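Only the coordinates and a few stated rules stand behind these numbers; no lab work does. Given the structure is predicted, the values throughout are model-derived calculations rather than measurements. Glycine gets a Cβ as well: all are built from the backbone with ideal geometry, and neighbour counts include every protein chain shown.
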Amino acid sequence: MQYISTRGASAPQSFSEILLGGLAPDGGLYLPATYPQVSSAELDAWRGLSYASLALAVLKKFATDIPEADLQCLVEKTYTADVYCNVRAGESADQITPLHVLEQSEGKTILLQALSNGPTLAFKDMAMQLIGNLFEYTLQKQDAELNIFGATSGDTGSAAEYAMRGKKGIRVFMLSPHKKMSAFQSAQMFSLQDPNILNVAVEGVFDDCQDMVKAVSNDLTFKAQQKIGTVNSINWARVVAQVVYYFRGYLMATTSNQLKVSFTVPSGNFGNICAGHIARMMGLPIDRLIAATNENDVLDEFFRTGAYRVRKSAETYHTTSPSMDISKASNFERFVFDLIGRDSERLRHLFHLVETQGGFDLSGRPGSDGDEFNKVGQFGFSSGKSVHTDRLATIRDLHKRYGLTIDTHTADGVKVAREHALAGVPMIVLETALPAKFNETIREALGQDAERPPGFENIEALPQRFEVMSADVAQIKAYIAHHTGL
Ligand SMILES: *Cc1c(COP(=O)(O)O)cnc(C)c1O
């Protein structure tokens, strides 16, 4: 299988060739030249598989240049009950992504698929744990090393660190804004004692951290010399790893391939729901894919109006579902490419408009940039929005009705799912984090703390290891070079 760039000006590459990289050289995002298809007979055969075996069945359609036996070792090492052990009472860790019925009324069924049972209690572990093993495997084969450099405001950085800790040939340098993360999030990252994990707390805000990452990445000589890479949400392997749990959710919710299901996905950078789009393009019987946003409603606006209008930093709100606080959705370009019939020239034009005019409009209205918004329904997409008061009300309602506490991002999903559920089509809400991660808002909603999984009770009291630094590019470069010895 070959991968092409959405912008059409980079040479096709294999899975292994794009694994360690980010953007294509032409600034586009990689996608398979054609989507592999799944037949109904295959789907039937997949019904009885363990999560790891299902992951192998899906991944081998994409990672065609990795020997199947190696891929099998990697998924069996990744998708174990030991790694995804932070289950709720009544859930089995063997399921990896346990699925429950949340509520049923008037023929409508809403289910919750737990994706947050991994080491950092958020769905990013589903893909990142596999990436850690894939990177280690690939680097070992090439006898190479990689220094991952990134910035985080919480979830991504910790998922990356827990995936890369102790991995041969890999170091992680992670910037975070000093004293701006929750006590739980800082403790999760800073309590890691692995020598290959290096946390730097920057005296500034998240944007300062991100500016430092950009400045270093733009210094191509330094980047090459220090073997610097990233694992941000546009990484293709992360998207593919996420495709697996859409198949899993479908197979667990249905008994026959004649049935369809829909998914509601708490969305920020469009990475999670992009995997749902790919599963649907492969032939998984998904009726609708519903993007649930918070107050930062770039995506909801597009799916309601056809206008994609990215926000400025000052227009990006800090909300109580902070992992969805984005100004532009970095994976959205993948969907737009398919929506406009994979026309790279038009895609380049549209994303040039994003740079120059802050967005584009596909509504077909006079003066707009195209009319493909009328095709959005064929791709199953729809959307909704949930704000702070909705979030609190949903958390309280589920706690009162079912004795279940859910996190703030998942609450945005449940609110939107309830608005979109149809009789006869099961609606699966993806649970993207456990409530313990966002306890401040759980207290606000319920007046009590979220339950912590065993082992996390006293995490804030563990010894912490991190470096405090001013927002100084020369200083971080010196720090990196000192630790790599390159
Ligand atoms: C990252 C994240 C999201 C958003 O996922 P995208 O792939 O960026 O759309 C939602 N919820 C939680 C808890 C997250 O960590």
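Residue by residue, region 170-180 carries 3J(HN,Hα) couplings of 10, 10, 10, 10, 10, 8, 9, x, 4, 6, 9 Hz when phi is fed to the Karplus relation 6.51 cos²θ - 1.76 cosθ + 1.60 (θ = phi - 60°); x denotes Gly or Pro. Amide H contacts of Glu203 (H built 1.01 Å from N, in plane; Pro and chain starts excluded): His178, Met469, Ser470, Ala471 sit under 5 Å, all sequence-distant by 5 or more or on other chains.
Note on region 214-278 and region 167-186: Cα centroid distance 21 Å, given to the nearest whole angstrom.
Here the Karplus relation 6.51 cos²θ - 1.76 cosθ + 1.60, evaluated at θ = phi - 60°, turns the backbone of region 307-323 into coupling constants of 9, 9, 10, 6, 9, 7, 3, 5, 9, 9, 7, 8, 10, 8, 10, x, 6 Hz, with x for every Gly and Pro. Amide H contacts of Ala151: Leu175, each under 5 Å away and 5 or more positions distant or on a separate chain (H built 1.01 Å from N in the peptide plane; Pro and chain starts excluded). For the listed peptides 180-186, 126-132, a ranking on the average number of other beta carbons within 10 Å per residue, highest first, reads 126-132, 180-186. For region 34-44, 3J(HN,Hα) computed residue by residue from phi via the Karplus equation (6.51, -1.76, 1.60; θ = phi - 60°) reads 9, 7, x, 9, 10, 7, 5, 5, 5, 4, 4 Hz, glycine and proline entered as x. With both residues required to sit in the chain, DSSP beta bridges show an antiparallel share near 30%. Among the helices of the chain (complete DSSP H runs), which have Cα atoms covering no less than 20 Å along the helix axis and a Kyte-Doolittle mean of at least 0.5? Passing helices, by number: 236-253. Annotation: peptides 69-78, 108-117, 467-476, ranked by per-residue average of other Cβ atoms within 10 Å with the highest first, follow the order 108-117, 69-78, 467-476.
Peptides 344-352, 444-452, ordered by how many other C-beta atoms sit within 10 Å of their residues on average, highest first, read 344-352, 444-452. Normalising by residue count, region 220-374 has a Cα convex hull of 156 Å³ per residue. By the beta-carbon count within 10 Å of each Cβ, the least crowded to most crowded order of Asp397, Asp65, fewest first, is Asp65, Asp397.
Rounded to the nearest 500, the 222 nm mean residue ellipticity of the chain from helices alone is -12000 deg cm²/dmol, with -39,500 (n - 2.57) taken per DSSP H run of at least 4 residues. Farthest toward the positive end of the dipole of the chain, out of Phe456, Ile131, Ala241, is the Cα of Ala241, where the dipole comes from beta carbon charges about the Cα centre. Each pair of Cα atoms in region 345-453 enters the Kirkwood radius, and Stokes-Einstein at 20 °C and 1.002 mPa s then converts it into a translational diffusion coefficient of 128 µm²/s. With the Cα gyration tensor of the chain giving a ≥ b ≥ c as the square roots of its eigenvalues, does the rule (a/c under 1.5 for rounded; else a/b larger than b/c for prolate; else oblate) give rounded, prolate or oblate? Taking the square roots of the gyration eigenvalues as a ≥ b ≥ c, the chain is rounded.
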